[in-house]
1. Could you check the spin-label model distance between M79 and E168? Points 7 Å from the Cα along Cα→Cβ, value in nm.
2. Under 1.5 on a/c is rounded, so check that first for region 67-225, then, if it is not, pick prolate when a/b is larger than b/c and oblate when it is not; a ≥ b ≥ c are the square roots of the alpha carbon gyration tensor eigenvalues.
3. For the Cα atoms of the chain, what angle does the longest principal axis make with the long axis of helix 17-34, in degrees from 0 to 90, nearest 10?
4. Helix 68-80: angle to the longest alpha-carbon principal axis of the chain, degrees 0 to 90, nearest 10?
5. Let me know the shape class of region 107-200, please: from the alpha-carbon gyration tensor, a ≥ b ≥ c as square roots of the eigenvalues, rounded when a/c is under 1.5, otherwise prolate if a/b is greater than b/c, or oblate.
6. Per residue of region 219-225, in order, report the coupling 6.51 cos²θ - 1.76 cosθ + 1.60 (Karplus, θ = phi - 60°) as ³J(HN,Hα) in whole Hz, putting x for Gly and Pro.
7. May I ask for the angle, rounded to the nearest 10°, between helix 120-136 and the longest principal axis of the chain, with both axes built from Cα atoms and the value confined to 0 to 90°?
8. So, with a 1.4 angstrom probe, what is the percent of accessible area on the chain that is carbon and sulfur?
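The values are calculated or read from the model by the stated rules, or taken from the named source; none is laboratory data. Keep in mind the model is a prediction, meaning the values are calculated, not measured. Note that we place each Cβ from the backbone using ideal geometry, even for glycine, and neighbour counts take in every protein chain shown. What goes into the accessible areas is simple: the full protein's heavy atoms, side chains included, and nothing from ligands, DNA or RNA. Shrake-Rupley method; radii C 1.70, N 1.55, O 1.52, S 1.80 Å.
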Amino acid sequence: MEVTGTIESRDDYEDDEQGQYQYWMDELTGSLDARKNWHRQGAKIVNRYLDGRSAENDGVLNLQRLNLFNSNITTLMSMLYGNVPKVDVSRRFADPNDDISRVAAEIVERILNNDIEANDDDYNSVLRGVLQDRLLAGLGCARVRYEVETEVEMVASLNTEGVTVMVEQERVIFEDAPVDYVHWQDILWGWGRTWKDIAWLGYRSWLNKDEVTARFGKDVARNLT
């Protein structure tokens with residue numbers, strides 16, 4: 001199947017699995033082409049930050065070399081980020097007699113700050129990675145995922161006739177919202193002049209064979225290298 005990377009109209013694609021595959025392949029190809037120069041330039045900047053130059057100059061080993069760019073970025077990171085930020089939850093209207101809203105805001109603030117403190121190392125590493133990407137490649141990205149586990153239990157309920165019957169009810173037994181660092185080369189988006197015009201946002205996920213098998217099945221995992 002030919003991948004053109006150019007989309008004139010969504011109606012040009014068939015409304016089936018093959019058409020959807022063609023459409024999204026063209027979307028991804030177009031997004032990659034649009035960001036090709038930026039990826040190339042960003043990789044050069046990161047290489048300079050890591051001091052990927054040769055240690056030899058005209059056959060003479062140079063051990064007195066100083067990477068000023070690395071030092072400058074390190075200084076900027078120290079100035080812009082010191083500690084994990086604290087969450088501040090406040091009422092929209094500070095009514096003096098609204099004790100319910102005041103207590104509710106304080107409870108939410110303590111819960112969020114306690115969650116951040118319990119995962120301090122994870123938040124710290126994500127925020128530092130995002131800031132470093134912003135200073136080097138120009139884009140820092142993190143995302144929040146929602147994880148939930150539920151179970152079904154039988155509970156008593158009244159039906160429309162007033163008779164007590166047992167019905168199934170889903171109950172949340174675990175939920176979490178982890179924060180993931182996203183490398184600046186692992187994010188793509190559709191065309192748009194402003195953020196609200198962007199139709200889609202995609203992240204590349206690196207999965208090992210066991211993860212692919214659990215998510216997509218053995219046949220898919222077998223055909224991947």
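1. Distance between label points: 6.0 nm.
2. Taking the square roots of the gyration eigenvalues as a ≥ b ≥ c, region 67-225 is oblate.
3. Tilt of helix 17-34: around 40 degrees.
4. Result, in degrees: 30.
5. In terms of gyration-tensor shape, prolate.
6. Karplus-based 3J(HN,Hα) across region 219-225 equals 5, 5, 5, 5, 8, 9, 9 Hz.
7. It works out to around 40 degrees.
8. Percent of accessible area from carbon and sulfur atoms in the chain: 50.
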